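Report on the structure given below.
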Amino acid sequence: MTLTVNHRSDPPDAAVYVAPRVELMASPRALTTFDGFVVSGCAFGSEVEGVEVEVSVAGVTRTGVVEAGHWTVAFEDGALSHRHAGVRAVTARLIDAWFNPAQVTEWVTVDEFVDGFVHVDGGHDLEGEVGPGGTLVATGELGLGTHEQGRELVVMLVRDDDEAVVVSTGLVEAGWHHGEWVARLPLCAVGRGTYRIRALLTDKVCASLTRLAVGRPFRLA
């Protein structure tokens with residue numbers, strides 16, 4: 001007698017589970033403790049679409065979502081603090097729909113962010129007289145810090161009162177990027193009175209880097 005054994009197998013169209021895997025495709029090699037940055041990568045596996053990806057840099061974590069096998073995680077300006085300076089780990093981690101984890105780690109150098117500053121000197125030189133043809137020369141010092149591009153320096157003459165109305169805007173001489181600045185403020189529409197010099201150092205990249213210095217009051221007579 002012949003015994004026939006039927007072997008049971010999955011149908012040809014049955015899905016085969018693939019364990020998750022995550023890769024870093026774009027990860028910065030150097031950062032500052034102020035600037036924002038982006039980490040992106042790919043995710044592979046049967047059950048990774050739509051799952052959350054956590055990216056941790058120096059213990060600071062932000063999240064993204066896998067879409068069409070890709071993910072992007074953004075860190076805002078100031079996400080890292082000064083204590084995070086040094087060589088730090090960048091770790092991307094996900095858990096798929098079957099609760100199986102995957103992660104990858106690379107390394108980044110985090111440089112400490114150096115802030116900028118501006119200062120107004122105490123004395124000012126009057127060329128000519130107050131009124132048409134007169135010019136006030138103001139000087140000061142500054143430091144651009146980590147952000148050297150996108151900086152602008154505006155020097156103003158303001159009334160020394162609660163309103164601090166701007167009565168003249170100075171023409172800043174070339175070379176102010178190198179630690180000292182000189183500005184010439186026309187006095188054609190300025191009358192006698194008490195004023196102050198106001199120096200405004202701005203940054204086109206981030207408004208929070210704006211720095212303001214106001215000099216001591218002085219009298220134009």
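The values are calculated or read from the model by the stated rules, or taken from the named source; none is laboratory data. Note that the coordinates shown come from a computational prediction; the quantities given were computed from them, not determined experimentally. A quick note on method: Cβ atoms are made from the backbone with ideal geometry, for glycine too, and the neighbour counts reach across all protein chains shown. Heavy atoms of the whole protein, side chains included, go into the accessibility calculation; ligands, DNA and RNA do not. Shrake-Rupley method; radii C 1.70, N 1.55, O 1.52, S 1.80 Å.
Residues of the range 29-45 being at pLDDT below 95, open to solvent by 30 Å² or more (accessible area, probe 1.4 Å) and not basic (Lys, Arg), which ones?
Within the range 29-45, Ala30, Phe34, Asp35, Gly36 meet the criteria.
Take the residues of the range 201-221 that are assigned to a strand (DSSP E or B), open to solvent by less than 50 Å² (accessible area, probe 1.4 Å) and aliphatic (A, V, I, L, M): which is farthest from Gly36 (Cα to Cα)?
My answer is Leu220.
Within the set of pairs 6+ apart or on separate chains, which have a first residue in the range 38-58 that is on the phi < 0 side of the Ramachandran plot, a second that is part of a loop (DSSP other than H, G, I, E, B) and open to solvent by 50 Å² or more (accessible area, probe 1.4 Å), and C-beta atoms under 7 Å apart?
Cβ pairs passing all conditions: Ser46/Ala15; Ser46/Tyr17; Ser46/Val18; Glu47/Ala97; Glu47/Trp98; Val51/Ala97.
Give the range 115-132 a look and list any residue that's open to solvent by less than 50 Å² (accessible area, probe 1.4 Å), part of a loop (DSSP other than H, G, I, E, B) and touching a strand residue (DSSP E or B) at 6+ places or on another chain (Cβ under 7 Å), or say none.
Residues satisfying the conditions are Gly116, Asp121, His124, Val130.
Tally time: how many residues in the range 67-89 are surrounded by 15 or more Cβ atoms within 10 Å (Cβ to Cβ) and in a strand (DSSP E or B)?
Summing the residues that are surrounded by 15 or more Cβ atoms within 10 Å (Cβ to Cβ) and in a strand (DSSP E or B) in the range 67-89 gives 5.
Select, from Gly64, Gly140, the only residue that is over 22 Å from the mean Cα position of the chain (by Cα), in a strand (DSSP E or B) and either buried (at least 18 other Cβ atoms within 10 Å of the Cβ) or not assigned by the TED database to the domain that holds Val190 (or both).
Gly140
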